[in-house]
Amino acid sequence: MKKTQLGSRDLLANGGGCPVEVFCRLRPPKDSNNDQQQTENSSSCIKVASSTELVLYSSENAKSGAIRESRYEFSHILTDNVSQLAAFKELALPLLDDLIQGKNSVLFTYGITGSGKTYTMMGPLNNPGLIPRSFDVVFNSIGSYLGKKYLLRSDRQNSYEIQSEADILLERQRREIQVIRNGNNQRAKVAETYNTRTLDSTALHNPQLNGNSSYFVFVTFVEIYNNYIYDLFDDDILNKAPQSKQLREDNRGRPYIRDVKEIEVRSSEEAIELLNMGLKRRRIAHTQLNTESSRSHSVLSMRLVQFQNDIPPTSLTKDDLTISTIHLVDLAGSERVNRAKTVGERVKEAGNINSSLMVLRQCFETLRENQSQGISKMVPYRESKLTSFFKSYFDGEGRIRMILCVNPTVDGYEEIQHALKFGELTKDVMVPRSLPPPPPPPVLPKSNRTPTAGVVLRDIDNQQQSNAQPILFTEFNAQALISPFPPLEYSLLDGVGDDESISVLQEHLRRRMEERQRLNMLIQEQQEFLRKFTLELVSDYDSTMSNQDDLSKENDQQTKTIRHLQTRIKLLEKSQNDLLKTTNQTERENKALKLQIEERNNEIKALKTERRKDKNDFENKMKIKLNELEQQYMNEIRTKDIRMRELGRQHDDKLNIIRSMATNNGCSNEQFVIPVNQSSTPNAADNVYQNQGQQYHRVEMIISQNCNTPVERPNPHTPNTEPMHIDNSHTHAVVAHPRQQHRRSRSLSEVWLEHRPQGTVPT
């Protein structure tokens with residue numbers, strides 16, 4: 001269905017508008033025990049100049065050193081000595097009168113934290129606020145006109161359903177079972193609360209309140225926490241993660257909360273019980289500025305549904321219902337983190353509260369700018385759930401009132417100034433005048449006559465053809481046909497007056513003939529009209545039948561097409577199922593192959609790791625083996641070197657002995673140069689082993705036979721590197737020693753002993 005709703009500019013142009021009513025209420029003083037302490041700690045920075053104007057003074061400790069003065073004007077100012085009852089009559093009572101008349105309204109409180117908003121709305125038991133007094137006044141006014149319980153039920157889509165008798169009985173049984181489950185403790189608590197609470201006996205005397213209408217009262221209670229909407233009557237909010245509600249728009253473009261729980265109440269006690277249950281579930285916290293600071297915006301909606309008693313319940317529809325609503329909104333107070341000393345989750349809550357209040361201020365500023373400058377700037381309703389919910393009221397859905405609560409202390413001068421500026425700005429915003437509710441349906445007189453079908457059909461046909469065609473059944477005057485003949489006065493004697501009587505009779509007959517002729521013509525016209533009308537009906541019937549045949553053929557064709565498509569769909573579904581099976585099989589095979597590949601890859605990795613490990617082990621073994629071989633080779637070289645040095649030393653000893661013998665005896669004829677130290681390389685060592693015996697022979701042959709001088713043994717540890725000169729000038733022949741080998745031994749003191757005679761003995 002197409003949404004039909006007039007914009008604010010259209011409503012302002014058609015019916016004008018009324019400004020937003022802003023009432024400023026100064027916070028009442030605390031208890032008398034704390035008055036002295038309050039006076040010592042803080043002083044008032046506000047002075048009431050008149051009933052509509054107040055003056056705000058800055059503190060003496062301002063940076064400039066001077067006291068600043070600001071004046072603000074409102075619709076009305078409620079001083080701190082105004083009682084709760086007087087405030088209720090001034091603020092809420094006119095809106096309740098509008099509620100009974102079928103009009104909508106919004107009443108919300110605004111102010112910084114700790115300014116008395118919740119006190120104004122709720123109040124204590126012995127001095128209740130606006131909401132409890134509103135329940136009392138409504139039920140005091142309509143209590144005797146309440147309709148049948150459970151006849152209406154909310155459809156949770158901004159409207160109501162009419163229940164049958166069976167549904168009413170089931171609903172009553174369900175409620176009774178729920179009451180039995182809850183037990184009598186709750187009833188006792190309600191009775192105790194009712195006895196301790198101060199009741200308001202005010203009643204509205206409205207002309208519309210009469211026995212011709214039935215009234216029903218429904219209550220909803222929601223909170224907007226961190227820009228999410230939660231139902232305080234729903235038990236789901238007791239969970240750790242409750243489900244938030246969504247905003248929707250009905251067919252008239254009015255926002256509503258979908259699936260919100262609306263409860264029918266029949267008395268103020270029942271309403272207060274639900275209110276207390278919702279208040280216990282509302283989120284509050286302790287801050288530096290307020291021991292019970294509201295951390296969310298609460299919206300209590302009271303809806304009054306009424307309908308005329310002349311309509312029987314079986315014929316009642318949604319269009320017969322007149323619905324009016326009043327929203328009582330307790331906005332959370334704006335606060336600064338450094339003053340409230342909030343940390344953690346409280347900082348996030350304060351940020352969301354200040355953000356939603358800032359969006360509300362921006363909406364009022366934009367509306368004021370559009371109205372003052374005649375422009376159509378976009379109003380940022382959708383940036384916050386609070387402004388989105390009350391969007392229709394800004395467009396003329398109902399009356400808007402704001403209560404600006406102020407705590408007149410010097411400590412919050414800047415925040416108070418900010419709130420007063422916002423209130424004065426809101427006062428200048430014009431809201432379109434709400435459209436009047438539709439008038440009640442006229443009450444038709446009761447009649448025992450039931451119209452026949454022929455009369456109804458005739459009336460319908462006459463209404464359809466009154467403008468375009470002549471009336472089918474024309475009334476005619478048949479008095480001329482049924483009127484009696486005129487009296488005939490005649491005389492048989494003289495015949496006086498016969499002519500006059502005959503003329504009267506002739507005139508009467510003539511009129512009868514004319515009337516008959518007129519009626520015959522009228523009948524012919526009616527017959528002709530009926531004949532044409534019948535022909536048209538026949539033609540229409542024929543065309544209708546032809547169209548019906550065409551539609552039947554088309555329907556048959558479409559039925560065949562549908563069947564063919566259904567067959568194809570079945571085939572395609574079968575093919576799809578086969579493909580799904582094939583796909584599943586392929587996927588399973590792919591998974592199996594992937595598993596095999598992974599296993600093979602794991603085996604390859606294991607083999608590579610094992611081979612790498614074997615390679616490392618082999619390289620380590622090779623290194624160890626090479627080190628061992630190298631060490632062995634070096635040991636062999638070192639051993640051979642030692643042996644060569646030993647042999648060289650022995651050779652040097654022998655050469656020294658020979659040199660000493662030759663020098664002492666002087667028996668050498670010729671001098672021969674004999675190298676004492678040989679090379680110590682391995683090849684040289686081999687040559688030494690080969691030539692050792694030849695050298696011994698050669699040396700002993702050059703010794704003279706007559707050399708009888710004993711040989712002086714030099715120190716074997718001091719090798720002689722000088723060449724040995726053998727003098728061979730004697731004439732004696734050199735004779736070889738018959739014993740080429742002799743014994744030598746070395747003592748522990750490294751002294752070599754020769755076991756041979758000191759001289760050579762010639763053979």
Identify the residue in segment 66-81 that is more than 16 Å from THR109 (Cα to Cα) and small (Gly, Ala, Ser) and, among all such residues, is surrounded by the fewest Cβ atoms within 10 Å (Cβ to Cβ). ALA66
Working only within segment 233-256, note down all residues that are part of a loop (DSSP other than H, G, I, E, B), in contact with an Asp or Glu (Cβ under 8 Å, 6 or more places away or on another chain) and either open to solvent by less than 40 Å² (accessible area, probe 1.4 Å) or among the acidic types (Asp, Glu) (or both). PRO242
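Scan segment 198-227 for residues that are assigned to a strand (DSSP E or B), closer than 22 Å to ILE353 by Cβ and in contact with a helix residue (DSSP H, G or I) (Cβ under 7 Å, 6 or more places away or on another chain) and jot them down.
Of the residues in segment 198-227, the ones assigned to a strand (DSSP E or B) are 213-225.
Filter again for closer than 22 Å to ILE353 by Cβ, leaving 220-225.
Hits for segment 198-227 are PHE221, ILE224.
Go through LEU232, LEU209, LEU247 for me and flag whichever is at pLDDT below 85 and either of a type in the set (S, T, N, Q) or in the same structural domain as GLU383 (by the TED database) (or both).
Sole residue among the options that is at pLDDT below 85 and either of a type in the set (S, T, N, Q) or in the same structural domain as GLU383 (by the TED database) (or both): LEU209.
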Here the qualifying pairs (Cβ atoms under 7 Å; residues six or more apart or on different chains; first in segment 624-646 and part of a helix (DSSP H, G or I); second open to solvent by 80 Å² or more (accessible area, probe 1.4 Å) and not aromatic (Phe, Trp, Tyr)) come out as LYS640/PRO682
Any idea which of (1) assigned to a helix (DSSP H, G or I); (2) of a type in the set (Lys, Arg); (3) touching a residue at least 40 places away in the same chain (Cβ under 8 Å) is the one LYS261 doesn't satisfy? (1)
Are any residues in segment 131-163 open to solvent by 60 Å² or more (accessible area, probe 1.4 Å) and more than 36 Å from the chain's Cα centre (by Cα), and if so, which ones? ASN140, SER144, TYR145, LYS148, LYS149
Against the conditions (1) at pLDDT 85 or above; (2) part of a loop (DSSP other than H, G, I, E, B), where does LEU404 fall short? Just the number, please. (2)
Residues of segment 264-314 being modelled with pLDDT under 90, closer than 26 Å to ILE162 by Cα, open to solvent by less than 50 Å² (accessible area, probe 1.4 Å) and in a loop (DSSP other than H, G, I, E, B), which ones? ILE311
Residue match in segment 599-615 (condition: open to solvent by 90 Å² or more (accessible area, probe 1.4 Å) and in contact (Cβ under 8 Å) with a residue 24 or more places away in the chain): no
Residues of segment 82-108 that turn out to be on the phi > 0 side of the Ramachandran plot and either in contact with a Leu (Cβ under 6 Å, 6 or more places away or on another chain) or surrounded by fewer than 16 Cβ atoms within 10 Å (Cβ to Cβ) (or both), as a count: 0
Does TYR230 meet the test of being part of a strand (DSSP E or B), in contact with a helix residue (DSSP H, G or I) (Cβ under 9 Å, 6 or more places away or on another chain) and open to solvent by 20 Å² or more (accessible area, probe 1.4 Å)? yes
If you take the residues in segment 503-558 that are among the β-branched types (Val, Ile, Thr) and modelled with pLDDT under 85, which one is surrounded by the most Cβ atoms within 10 Å (Cβ to Cβ)? VAL504
Checking GLY116, GLY111 in turn, the sole residue that is touching a strand residue (DSSP E or B) at 6+ places or on another chain (Cβ under 6 Å), surrounded by 22 or more Cβ atoms within 10 Å (Cβ to Cβ) and at pLDDT below 90 turns out to be GLY111
Filter segment 408-439 down to the residues that are assigned to a loop (DSSP other than H, G, I, E, B), surrounded by 17 or more Cβ atoms within 10 Å (Cβ to Cβ) and modelled with pLDDT under 85 and list them by number. PRO408, THR409, SER434
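The values are calculated or read from the model by the stated rules, or taken from the named source; none is laboratory data. None of the values given here were measured: they were computed from a predicted structure. All Cβ positions, glycine included, derive from the backbone under ideal geometry; neighbour counts span all protein chains shown. Side chains included, ligands, DNA and RNA excluded: accessible areas come from the protein's heavy atoms. Shrake-Rupley method; radii C 1.70, N 1.55, O 1.52, S 1.80 Å.
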